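Engineer: Okay, here's the structure, questions in a sec.
The values are calculated or read from the model by the stated rules, or taken from the named source; none is laboratory data. The structure displayed is predicted, hence computed values, not measured ones. Positions of Cβ are backbone-derived with ideal geometry, glycine not excepted, and every protein chain shown enters the neighbour counts. SASA here: full protein model, heavy atoms, side chains in, ligands and nucleic acids out. Shrake-Rupley method; radii C 1.70, N 1.55, O 1.52, S 1.80 Å.
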Amino acid sequence: MRQLVTVSCVLLFYSSGFVQEDSSQPRPFVEIAEQVVKPTVKAIAPIDDTNVFFLNKRGQAGVAKFSPGLSLIGWELYSKVKLNSLNSLGVGPNYSLVTASPVEVTQAFDTTRDGSLDFFQGLVRDWQGRDKGVQITAGPVADSSGRLLFALSPFSIEEGQPPLARLVAWHPDSEGLQTLTESQLQISSFSVGPDRILAARLSMPAYSEGYYISLTELPPFLADNPDVVPDPLPKTLPSLLIPAELTGGKEPTQMCFFVENNQSKLILTCPDSNQLIEIVPEKSGSQWQGAILLRSRTPSSIESVVEMNSGLLLGGGPDGFFPLETPVEAFRIKSVKIAEDGIVLEFSEEVSRFHGVKSDSYTVKSVSLRGNNKILEAEPVIESDGKTIILKTDEIGKGVVLRVVCQNLPSADGDPLFHETVFYTIHEG
Amino acid sequence: MFSSRQNNILCVLSMSVLGNLYVSARAETSEAPDVVLSHSVPLILDISRRSLKNFLEDEAALERYLGPDGALNDLEDAFTIGAVHGRYALIWDATACRLVGVIDIKPPSEEQPGDPPGTNPDPNSPYVLLAEGNPPLSGSLGTFGHPSYFGFRLIDGLPEFLYTHGSLQVEERLWLEGDGRVLKQRFAIRNPENPFLLHFPASWKERIVKTSAGKWNGGTLSVPHEKADEVIITYRLSDQPAPKEPN
């Protein structure tokens with residue numbers, strides 16, 4: 001069985017004069033063959049509802065086709081060249097692909113329209129500090145305004161200044177790279193969500209208790225003045241702490257925004273523990289905070305997750321692609337929110353009222369960022385829907401990570417909780 | 001403990017036991033391996049980009065890799081190119097925009113059937129060719145500053161590197177023939193306005209068996225303006241007699 005992916009015909013022109021392509025001939029199809037062997041997947045970029053580009057572990061680009069339910073139909077390599085790519089893949093105009101190594105952003109084209117990449121342009125090879133060893137640490141990610149975003153390792157612009165990591169943007173109309181955010185911590189992966197929200201994983205190797213995520217609003221892109229420097233420059237500060245106990249002690253690597261039940265969420269992969277973490281960001285004043293939950297355990301390691309145009313999540317790893325269905329079968333905590341009178345827990349099914357009304361079914365711990373930890377007394381109240389519990393507590397305070405454990409709370413049908421611990425980060429505001 | 005040289009060799013070997021890598025890469029596709037055995041046609045190449053420890057030794061060739069503090073930088077994102085089951089790997093680097101080395105990926109003591117003993121002049125060196133001096137086009141009219149990498153493309157599966165050196169737009173293509181024992185290097189200048197010069201170290205000149213155009217003056221090949229759109233240099237990588245080219 002062979003399936004076809006339609007690839008439209010377009011005009012490419014490189015002002016350098018090295019390559020010129022016209023659109024006078026129709027573009028052929030990329031042929032997708034059914035394969036016995038599963039591809040290894042380290043990065044995915046959706047094309048539409050059912051087709052994706054991907055990078056395999058050797059750095060080769062491929063294209064894969066799926067059914068509407070995301071069952072793999074077939075795949076082919078789009079290039080046999082093994083690029084030294086980071087775990088990110090962007091789709092450029094005309095089905096070109098954008099990858100980055102630590103020293104180059106590369107855009108690859110299929111100029112001969114035979115379904116195989118044949119032209120690889122070194123798009124960005126120079127930036128401040130490049131001669132002093134500054135390298136690309138994450139990206140590239142294409143944003144909605146046509147920019148390519150990538151992160152650079154920390155460096156000082158002037159002698160004596162502290163070294164700062166930077167998220168920068170490249171745009172064909174800009175004279176140079178535009179700095180979008182600065183950070184004391186190196187960015188190891190990032191994703192851009194709706195309304196220009198940047199989620200960045202901040203690297204802090206010496207800290208083993210958890211993993212920091214920054215949520216920052218990116219400055220807008222001004223098409224008529226693409227070189228304007230944002231003032232003040234946003235700082236990529238730690239917003240959320242993902243406790244190591246939630247990730248199985250393994251580092252979250254890649255992340256992806258997605259929408260579920262009309263709510264924007266973030267999903268993170270922990271390939272070394274086969275766990276997926278869900279973050280529900282909430283803005284409080286000028287800062288971002290939110291709930292952190294274990295979303296699911298996967299049967300195989302997942303390196304990369306993307307939201308397809310259809311809204312479904314597709315994961316990929318060393319054992320191929322996996323549709324990541326919403327985990328509806330398990331009795332689980334769906335969300336945690338902070339209300340004036342306490343902590344609101346929403347469950348996927350009705351809880352056991354017998355256990356749910358007991359205070360000793362819950363442990364609420366407030367972990368202060370200043371080291372002042374305390375156990376909060378919690379008085380549970382079950383809402384009329386049977387799926388929502390309000391834990392009325394003393395004043396929670398600011399600048400804390402709440403750890404809520406529902407240690408003895410089965411569903412009304414007697415099913416145990418999929419995972420009994422959730423976290424919530426509250427800033428000082 | 002391994003010496004730096006040994007580490008370099010191991011690095012290249014571990015990343016580029018090209019035949020094996022190629023076979024395993026092919027296992028991911030549905031196609032059968034399309035190995036070409038002819039002695040006079042380009043071989044199917046495996047192309048990968050990897051960072052390698054800097055193995056250059058010549059002071060002038062190393063200059064491009066010195067940081068502001070004098071520290072020597074690695075060969076970052078260098079191209080490693082080899083043929084299926086081939087013995088030689090080509091290393092082309094985008095920082096210096098040049099072929100920086102050709103490596104014999106079999107241990108020097110492991111002579112191939114048909115090889116006369118002492119194929120490599122330095123039995124401890126895996127490098128058949130090692131860059132020396134300034135980039136080959138330095139000294140040509142229109143060149144100034146450092147070469148600047150633009151990208152690469154595949155022409156019938158062969159890598160062609162595109163870069164500028166001063167005002168010259170250069171296309172440099174590399175491929176292997178003759179069971180991987182013959183290296184061909186094609187230079188082309190786009191819209192040439194002048195003749196150009198190609199400089200080769202003495203150790204490279206010794207292995208050049210043919211040029212498609214130009215006149216030699218010591219280690220310098222002078223290519224006339226009318227031939228500047230293509231000159232092909234043929235190197236003998238092993239001391240085994242090179243296969244004859246078809247007429």
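Engineer: Out of A:Ser273, A:Ser335, A:Ser348, A:Ser361, I need the residue that is in contact with a Cys (Cβ under 7 Å, 6 or more places away or on another chain) and either crowded, with 21+ Cβ neighbours inside 10 Å or not aliphatic (A, V, I, L, M) (or both). Which one? Lay out the reasoning, then the answer.
Structural biologist: Working: A:Ser273 fails: in contact with a Cys (Cβ under 7 Å, 6 or more places away or on another chain); A:Ser335 fails: in contact with a Cys (Cβ under 7 Å, 6 or more places away or on another chain); A:Ser348 fails: in contact with a Cys (Cβ under 7 Å, 6 or more places away or on another chain).
One residue alone meets the criteria, A:Ser361.
Engineer: Condition first: open to solvent by less than 20 Å² (accessible area, probe 1.4 Å), facing another protein chain (nearest Cβ under 10 Å) and not aromatic (Phe, Trp, Tyr). Can you find one or more residues in the range B:172-188 that meet it?
Structural biologist: No.
Engineer: If you go through the range B:96-131, how many residues are in a loop (DSSP other than H, G, I, E, B) and at pLDDT 95 or above? Write out each step before concluding.
Structural biologist: From the range B:96-131, those in a loop (DSSP other than H, G, I, E, B) are B:96-97, B:105-126, B:131; that's our starting set.
If we keep only those that are at pLDDT 95 or above too, we end up with B:96-97, B:131.
Residues that pass the stated criteria total 3.
Engineer: In addition: Taking A:Arg113 as the residue in question, decide whether it is within 14 Å of another protein chain (Cβ to nearest Cβ) and either crowded, with 20+ Cβ neighbours inside 10 Å or assigned to a strand (DSSP E or B) (or both). Lay out the reasoning, then the answer.
Structural biologist: Working: within 14 Å of another protein chain (Cβ to nearest Cβ): yes; either crowded, with 20+ Cβ neighbours inside 10 Å or assigned to a strand (DSSP E or B) (or both): yes.
Taking the combined requirement at face value, the residue satisfies it.
Engineer: In the range A:143-170, what residues are in contact (Cβ under 8 Å) with a residue 40 or more places away in the chain and surrounded by 19 or more Cβ atoms within 10 Å (Cβ to Cβ)?
Structural biologist: Residues satisfying the conditions are A:Arg147, A:Leu148, A:Leu149, A:Phe150, A:Ala151, A:Ala165, A:Leu167, A:Val168, A:Ala169, A:Trp170.
Engineer: Scanning for something touching a Phe, Trp or Tyr at 6+ places or on another chain (Cβ under 7 Å) and among the β-branched types (Val, Ile, Thr), does the range A:212-228 turn up at least one residue? Steps first, please.
Structural biologist: As a first pass, look at the range A:212-228 and keep what is touching a Phe, Trp or Tyr at 6+ places or on another chain (Cβ under 7 Å): A:215.
Restricting the remaining residues to those that are among the β-branched types (Val, Ile, Thr) gives none.
No, the range A:212-228 has no match at all.
Engineer: Can you tell me which residues in the range A:191-218 are under 22 Å from A:Ile136 (Cα atoms), in a loop (DSSP other than H, G, I, E, B) and open to solvent by 20 Å² or more (accessible area, probe 1.4 Å)? Give the steps one after another, and end with the answer.
Structural biologist: Going through the range A:191-218, the residues under 22 Å from A:Ile136 (Cα atoms) turn out to be A:191-193, A:196-206, A:211-218.
Pick out the ones that are also in a loop (DSSP other than H, G, I, E, B) and you get A:193, A:203-206, A:218.
Passing the criteria: A:Ser203, A:Met204, A:Pro205, A:Ala206.
Engineer: Please enumerate the residues belonging to the range A:89-111 that are without any contact (Cβ under 8 Å) to a residue 40 or more places away in the chain and more than 15 Å from A:Gly62 (Cα to Cα).
Structural biologist: A:Ser101, A:Pro102, A:Val103, A:Glu104, A:Thr106
Engineer: Continuing with this model, one more query. Where residues in the range A:50-97 are part of a loop (DSSP other than H, G, I, E, B), open to solvent by 10 Å² or more (accessible area, probe 1.4 Å) and of a type in the set (A, V, I, L, M, F, W, C), which of them is farthest from the other protein chains (Cβ to nearest Cβ)?
Structural biologist: A:Leu89
Engineer: What's the number of the condition A:Thr106 fails, among (1) among the hydroxyl-bearing types (Ser, Thr, Tyr); (2) out of contact with any Leu (no Cβ under 8 Å at 6 or more places or on another chain); (3) facing another protein chain (nearest Cβ under 9 Å)?
Structural biologist: Result: A:Thr106 fails condition (2) only.
Engineer: For the range A:131-151, enumerate the residues that are within 10 Å of another protein chain (Cβ to nearest Cβ) and modelled with pLDDT under 95.
Structural biologist: Taking the range A:131-151 and keeping what is within 10 Å of another protein chain (Cβ to nearest Cβ), we get A:131-133, A:135.
If the condition is that a residue be within 10 Å of another protein chain (Cβ to nearest Cβ) and modelled with pLDDT under 95, then A:Asp131, A:Lys132, A:Gly133 are the ones that fit.
Engineer: Return the total of residues in the range B:38-81 being part of a strand (DSSP E or B), within 11 Å of another protein chain (Cβ to nearest Cβ) and of a type outside the set (S, T, N, Q). Working first, answer last.
Structural biologist: Kept after step one, since they are part of a strand (DSSP E or B), are these residues of the range B:38-81: B:45-52, B:66, B:72, B:75-81.
Remaining after also requiring within 11 Å of another protein chain (Cβ to nearest Cβ): B:45-52, B:66, B:75-81.
From what's left, of a type outside the set (S, T, N, Q): B:45-47, B:49-50, B:52, B:66, B:75-79, B:81.
Final tally of qualifying residues: 13.
Engineer: Name the residue, out of B:Ser203, B:Ser138, B:Ser222, that is touching a Leu at 6+ places or on another chain (Cβ under 9 Å), surrounded by fewer than 20 Cβ atoms within 10 Å (Cβ to Cβ) and in a helix (DSSP H, G or I).
Structural biologist: Numbers: B:Ser138 fails: in a helix (DSSP H, G or I); B:Ser222 fails: in a helix (DSSP H, G or I).
Sole residue among the options that is touching a Leu at 6+ places or on another chain (Cβ under 9 Å), surrounded by fewer than 20 Cβ atoms within 10 Å (Cβ to Cβ) and in a helix (DSSP H, G or I): B:Ser203.
Engineer: May I ask you to say which residue of A:Ser16, A:Ser8 is at the interface with chain B (Cβ under 10 Å from one of its Cβ atoms) and modelled with pLDDT under 90? Step through it out loud before you land on a result.
Structural biologist: Values: A:Ser8 fails: at the interface with chain B (Cβ under 10 Å from one of its Cβ atoms).
On inspection, the qualifying residue turns out to be A:Ser16.
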